[in-house]
Every structure is written in C-alpha cells, then in structure tokens.
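Report on the structure given below.
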Amino acid sequence: VNCQRFDGWTALWVEGDLDVRKQALVEEHLASCARCTELAGQLRASQQTLRALRQEIVEPGQLEAIRAGVLRGLSTQEPVRRQWLGWVFGGRRAWRYASLATLFALATGSAVWWMSVAPSPRQEIVRETPSVVLPLAPSDSVAQALSGVEGVAERAKDVSSLARGAQRESGGLPVRQADVSDSTIAAAADEIDEEPDTHD
Amino acid sequence: VTTETGAAGAAELGLILMSRAAGDANTADADLVRLIKLSRAGDLTAFEQIMRLHDRRVFRTALRLLRRIEDAEDASQEVFLRVHKHLDRFNEAGQFSAWVYRITVNVCRDINRKRSKGLALSLDAFFADGGSSEPASQQPDPLDQASQTEDVRLAAVALRRLPEKERAAVVLRDIEGLSTSEVAGILGSSETTVRSQVSRARLKLKKWRDELNRSRT
C-alpha cells in the first residue's frame, strides 16, 4: 500500500473530517502501518498547537479602540440617502453609470415618442386654416363644375340601388362591392347613359 | 457617542443585557435579532453590543489572515462599518456570525490585494535602496511575540507561510472551530474544496513546524 496516498486522508481523519467509509479505510491502514501512525500523532500535536491560537490573549484596549473607531465613523456619517438616489448617486461606480445610462435612454426614448405622436407645427397650421368660402352667386365655370359633380353623385346613387336590388335577389345576403362584377357595373352605366337626362 | 435610542429602546436593551448576564443561552438568538432591529433603527448602543459579541472573533480572524496587527485593526473597523451599512440585507433566519465571518474574509481579501500592490512597490524601493530596509510584511507580529508558548508562536509563524485560500480555510476550520459546511458557505466554495485545502494546509503546517523545531534545537 502506498502510504502517501493516505497522508491527505490522515490529515482529515485526525479532526474527524472524513466520511464513514474513508474513516474505516484509514483506521484499517493505521492499524498496520507504523509510519502513518506516527504521522497521525504528529498531526494531532500540530493541530493542538494550532487550536491554542484561538486562546491567544487579545488586549481589551485593542478591541475598545476598534469599537470606538467604528462608532466615531458611524456618528459622523452622512445621513443615509433615499434608496433610489443612493443607487444613482451614491452606489458603486458601475451601478452609477448603469443608472445614468438608463435615465438617459428613458429620456431619449420619451422625447422620440413625443415627437412622433404630437402634431407637427405644419399640421397645426393646416388645421387652423379657415375653409374656402364659395361665392354666393357662382360663376359659369363653377356652375358647370358643380353640375359635373352632381352627375357623378347621381351615378353613384344608381350603382348603389343596383347593389341593393342584387342583395334582394340573393335572399337578403349582403352584397359586397367585390360581388358586383365589372360587367354589371358597365351594364348599369350603359343603362344610365341611355336614360333621358331629366336634370335639365 | 450620540445615540438615537428612545426610552422604549433603552428599556428593551436593558432587558437584553440582563438576559445575557443571566446566561440564558436559549434567548441568545432572539436577543441578537432584537439588537439587530434596534441597530437598524439607528441605535448605536445596540450596535456596540453587537460589536462586543463579535469583535474578538473578527479581530482574531483578521490577524491570522492579514498577519499584521495594524492591518487587523483596520480590517476589524471596516468589517463592522460594512456590517452596519448592510444590516438591512441580513436575513434574520440565517446565521449572523457566519455572515460576519464572510464579511471579515472579504475585507481581508481586499486588504491583501491592496497590500500585495503596496508590497511590490516596497520591494522596488527595497532593491533601489540597496536592500537596507525591511519590507513591511516581514516585520514580526507583536502578538506572536506575546504568545504564551514557543509552540504557539511557531504555529503562528508557520500559518503565515500558507497560501491565502488554504490559510483562510484552516483559520476558519481549525482555529475558529467552524464546521466544514460553514467554512464552505463563508468562502463560497464546495465542501470538497475546503477539505482538500484544509488537508494540504495541515500537512504543510506539520512539516514547517517540524522544520522550525529542528532549527530551534
């Protein structure tokens, strides 16, 4: 058996730091090895001396000086900042930079959002511009334009009535604009064109 | 020292001190929790009481980890200042002394890091000076000189030669008498790692102690 393999375990065994299985192995080995038994005895003596360091006398004056220094430090400390202010201004350097960067990002984001949502000055001007006032007595060109507009309105009205008729034929189902084919619209337009002009 | 203790707080503190004086071990933890609450409320007398309960352990650990008495004093003060600052974070259900040990180890680690930079500078100065001055870390520890027996002094000298992690493990396990799991929790490592560090450290200490004994004779 290689004794040096047991040195580390023996160093733990002297203070009862081994689990049951390893403890049994070490004890079995120690029972038959004078070298390791001697090592265990020396380790025990070494450990006893080390433990004696715990009993070292510490001067009471030293401890009093330490306590007084701490209390002096605490009594002269600045009042504790509020938590969030402490994070921003009084924390570790990394936290401080992170907090400032976050604040900057929030401020920039808010500004960009506000600019995209709020109306631009141009829109404001357009909104405030008064609507065009038509003359009470329209000139010939204006009257001609208005009659054209009326013609378009009439055609739209006819297409709409055609769609309603189709809806009736389909048993009340709604007819979407896409359901009215181009040819139907063209036929309707032709019918309208053929009708005598009743407006005049 | 000014305190913000109110009359109720002072009365409560008086009861705590009386129960401690009576040696009632069962109420010790509850007393500590009350002292912590009072300290959180700004009661410096209560905090002084907490320091009295832990200062010897903190100073002893710092001295063994830092090797110089002035550093150990500075470290102890820093430890208690940090304890006071972070009292709000402390989980009352946990072990307060383990938490204090953890802060102590961290503070000593910080000081050792700063000192290793300083030591590099002082070594430069040492060689520039023609080797006439002794580096600060090599000066004898006054506490070692005042140790009760020569054996204890030799153990303290041998302890200084250990690497930082092994020294921390053996100081907490063998000198402070904490369990392996507590040491692992304080050092932030596994129990297996702590056992390995402690085992190596014990063998080294035994070897160095033998060498020192031989050179003495």
- request: Over the whole of A:68-76, what's the average partner chain Cβ count within 10 Å per residue? Rounded to a whole number, please.
  value: 6
query: Per-residue mean of other chain beta-carbon atoms within 10 angstrom of the beta-carbon, peptide B:154-164?
result: 2
- prompt: Considering only B:205, B:188, B:177, whose Cα is most displaced toward the positive end of the charge dipole of the stretch B:162-207, charges sitting on Cβ of Lys, Arg (+1) and Asp, Glu (-1)?
  reply: B:205
message: Output wanted: per-residue J couplings in Hz (rounded whole) for the stretch B:50-65, from phi through Karplus 6.51 cos²θ - 1.76 cosθ + 1.60, θ = phi - 60°, x for Gly and Pro.
response: 4, 4, 4, 6, 10, 5, 5, 5, 5, 5, 4, 5, 4, 5, 6, 7
- prompt: What does the highest-first list of B:173-180, B:72-79 look like by mean Cβ count within 10 Å?
  reply: B:72-79, B:173-180
query: Kirkwood Rh, Cα Rg: Rg to Rh for the stretch A:1-60?
result: 1.13
- prompt: Counting partner chain Cβ atoms within 10 Å of every residue's Cβ in B:179-191, what's the average?
  reply: 0
message: At a 10 Å Cβ-Cβ cut-off, how would you order B:165, B:85, B:204, fewest neighbours first?
response: B:85, B:165, B:204
30 Å Cα-Cα reach of residue B:204 towards lysines, excluding residues that sit fewer than 8 places from it in its own chain: A:22, B:114, B:117, B:165
task: Please sort A:47-58, B:189-200, A:104-115, B:56-67 by packing, taking for each peptide the average over its residues of neighbouring beta carbons within 10 angstrom, highest first.
output: B:56-67, B:189-200, A:47-58, A:104-115
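Read the figures in this text as sums done on the coordinates, not as results from a lab. Note that the structure is predicted; figures quoted are calculated from it, not measured. Neighbour counts run over all protein chains shown; Cβ positions are idealised from the backbone, glycine included.
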